[in-house]
Ligand code: AHG
Ligand code: MN
Ligand code: MN
C-alpha cells in the first residue's frame, strides 16, 4: 500500500486549521495545565469577539443597540449601550469558564468577582470592552483590549491590590479590531500574531505570524485638537513633523485602530498629558500596558515620555498614563524633544 499522498490543497486545509487554540499550544510547545489554560482563555476571548462583532454588524437594525445609556462610568465618561453590551459579553463568556477569579473592566468601578456558585479560576481578565466608543454610532472601527494576569495571593478582602503591578507581569495581551474584517491580535510573550475571523467557519484563522513593527514609519497619530493644552515639548515635536517631508497624520479616535496601523506600518501614536491633565486620558491596566506588551514583542516601544510603560506600577485600578507608542526611531524622536525641554528647564532653574 503506497504511503498516503495529501492533495495539493492540503496546505490550504491545514492553514484553515490554524485556530487560536492550536496556535497557543504550538507556541508553548506544551500541553501542560498552564498551556491548556491559556489556550482555553484565548478560545473564550475569541467567543467574546465573535459575539461583539455580530452585534456591531447589526447594530443599526437592532433596537437599543446604538446611542447612550444616559449613565456616566467611573471614568466620568458618558456610557454607550455597546459599552455595556460588550462588558456583559465578557462577563457571560468568562463567568462559567472556570478560568478566572475576577474581571476588571474600564466600565466597572470595582472588579467583578466570579460568584461562589461558579467555578473559580487562577487568572484575572482586565479589559476595555469597547475601545473607541465614539465611533460606534457612525459605523467606524472600534476594538476590545484585553490583558490576562495570574492571580497572586488570595485577595480575601477583594481590594484587588495584587493587580497593581507592572506590565511585564502580563501573561497574555491583545486586542480585537472590529473593522472591515474582525482581527484578533495577541501575544503570550513569544511574538505577536494576528487571526482573522472567517465568518463562514466562525473561527479566527491565523493570518499574520511574528509581526514586527518597522523601526520608522510615516504616520504620526495624535488628536491635534489638544495642541494648545500640550506641554511645549510635544508642541515642538508636532511642529517638527509639520515642517519635515515624509510624515502623514492619521487619527481615527479609536486607539485600537490607530495602534493597528502603527503596528503594521510603523510610526508613532501619541496621547500625551495636558497641562490640566498631565496623566493623560488612556488607562494603564487595560489600554496602554497591553498594547505596550505587544509593541515590545514586535520590536517597538511604548513610553510615558519619561518612563517605559511596561515599568509603570499603578497605584489604582483605573490609573491613566501619558502614552507614546510605536517605532523605536519615532519614539526616540519624541523623547528627544522631551529631554531637550527638561534640560532647558533645569538650566533655567540652576543658579549661575
Ligand atoms: P474608550 O472608547 O474605551 O473610552 O477609548 C477611547 C480612547 C481611545 O480609543 C482613543 O484613542 C481616545 O480615547 C480618543 O480620545 P479623543 O477623542 O480625546 O481624541
Ligand atoms: Mn479605550
Ligand atoms: Mn472603552
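Readers should treat all values here as calculations from the given coordinates under stated rules, not as data from a laboratory. This one's a predicted model, so the numbers in the text were calculated from it and none came from an experiment. No Cβ is skipped: glycine too gets one built from the backbone with ideal geometry, and neighbour counts run over all protein chains shown.
At-a-glance table
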read-out	value
Peptide ranges 65-72, 83-90 listed from the most packed, as the mean C-beta count within 10 angstrom indicates	83-90, 65-72
Relative contact order (percent, whole number), the chain, Cα cutoff 8 Å, 6+ residue spacing	14
Estimated D of the range 13-208 in µm² per second, where Rh is the Kirkwood radius over Cα pairs and Stokes-Einstein applies at 20 °C, 1.002 mPa s	123
Peptides 186-197, 157-168, 287-298 ordered by average Cβ neighbours within 10 Å, highest first	287-298, 186-197, 157-168
Part-to-part distance (alpha-carbon centres) for the range 322-352 and the range 211-259, which is given in Å	16
Where labels lie 7 Å past Cα in the beta-carbon direction, separation of residue 1 and residue 208 in nm	4.4
Relative contact order (percent, whole number), the range 13-208, Cα cutoff 8 Å, 6+ residue spacing	17
Sequence-separation-based contact order of the range 219-347, relative, with Cα cut under 8 Å and 6+ spacing, percent	29
Candidates 116, 107, 209, ranked by Gaussian network fluctuation over the chain, Cα under 10 Å, top entry	116
Value of D in µm² per second that Stokes-Einstein yields for the range 219-347, Kirkwood Rh from Cα pairs, at 10 °C (1.306 mPa s)	108
Segments 140-149, 41-50 sorted - mean Cβ within 10 Å per residue, highest first	140-149, 41-50
Between helix 328-349 and the chain: long-axis angle, C-alpha atoms, 0 to 90°, nearest 10	30
Percent antiparallel among DSSP beta bridges (both partners in the range 219-347, rounded to 5)	65
Degrees between helix 33-57 axis and first principal axis of the chain (Cα, 0 to 90, nearest 10)	80
Between 0 and 90°, nearest 10: helix 81-95 axis offset from the chain longest Cα axis	50
Quotient of C-alpha Rg and 2.2 N^0.38 Å, computed over the chain	1.04
